[in-house]
């Protein structure tokens, strides 16, 4: 448990997808369709949806959540959420088992779907390269993202597939900004850098006005659900960090610096003592 505010997926205030995110997510839909079709031995259509389908379920603790970290030509993160019932169906398809929604859910099922998503990510990296350049996509499982999404939407299986799959996706502000910059027509992009500027400065200028979340993290602690449910007014949650230890500065969910807390005109602030990640690669 951390002191960062949580982000509730699929909330009414969550941003909708847009023209800049759609081509990127359509490649993911096509990659999923191809990988799942090979496993099923029959066509497995996946559709891009800007809004939640009628059969979508509210987020639950038991949903499978993974983060796809992009590096290379595009940088940022994508969060995927798949309801457990559909994790079960896809896992049974992947493992060659009979579709049975009544069986007990096993850890093997989650591992199978994570491996499936790694295969999809590998296929997507290849399919994305002609338009966006060389990409490395790494899958991490975990909790809901700490960042506020820059775009969100849904991918859903079409009719006639061997199992139902509806997943919610969210793009971090950094990844969405990179897609926005890449979608600009050539005439609106800055001129080629001259000899006095680095080769990457022109691309960096496109992102200078993008607003990103900066968060202070004082510490964290793992808690049992029963202990969380007992929290109330006056409860004290002890974190894993001493008072004199530096706090973390997160940029779009990534640790970039550490420092000491100060007060500036009645507001909290941070005096940076150590840069952990160069900002150019954050």
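The values are calculated or read from the model by the stated rules, or taken from the named source; none is laboratory data. Here the structure is a predicted model, which means the values were calculated and not measured. Counting neighbours? That spans all protein chains shown, and the Cβs are built from the backbone with ideal geometry, glycine included.
Among the candidates 271, 226, 217, which residue alone is out of contact with any helix residue (DSSP H, G or I) (no Cβ under 6 Å at 6 or more places or on another chain), modelled with pLDDT of 75 or more and surrounded by 12 or more Cβ atoms within 10 Å (Cβ to Cβ)?
Numbers: 271 fails: surrounded by 12 or more Cβ atoms within 10 Å (Cβ to Cβ); 226 fails: surrounded by 12 or more Cβ atoms within 10 Å (Cβ to Cβ).
The conditions single out 217.
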Within the stretch 243-262, how many residues are modelled with pLDDT under 80 and assigned to a loop (DSSP other than H, G, I, E, B)?
4
List pairs: first in the stretch 237-256 and at positive phi, second surrounded by fewer than 16 Cβ atoms within 10 Å (Cβ to Cβ), Cβ under 9 Å, 6+ apart or cross-chain?
252/214
Only one of these is in contact (Cβ under 8 Å) with a residue 12 or more places away in the chain and surrounded by fewer than 19 Cβ atoms within 10 Å (Cβ to Cβ): 83, 53, 107. Name it.
53
Look through 179, 171 and report the one residue that is modelled with pLDDT of 70 or more, surrounded by 13 or more Cβ atoms within 10 Å (Cβ to Cβ), in a strand (DSSP E or B) and not assigned by TED's automatic domain parsing to the domain that holds residue 246.
171
Please work out if residue 139 is closer than 28 Å to residue 182 by Cβ, touching a strand residue (DSSP E or B) at 6+ places or on another chain (Cβ under 7 Å) and in a loop (DSSP other than H, G, I, E, B).
no
Residue check, residue 19 assigned to a helix (DSSP H, G or I) and modelled with pLDDT under 95:
no
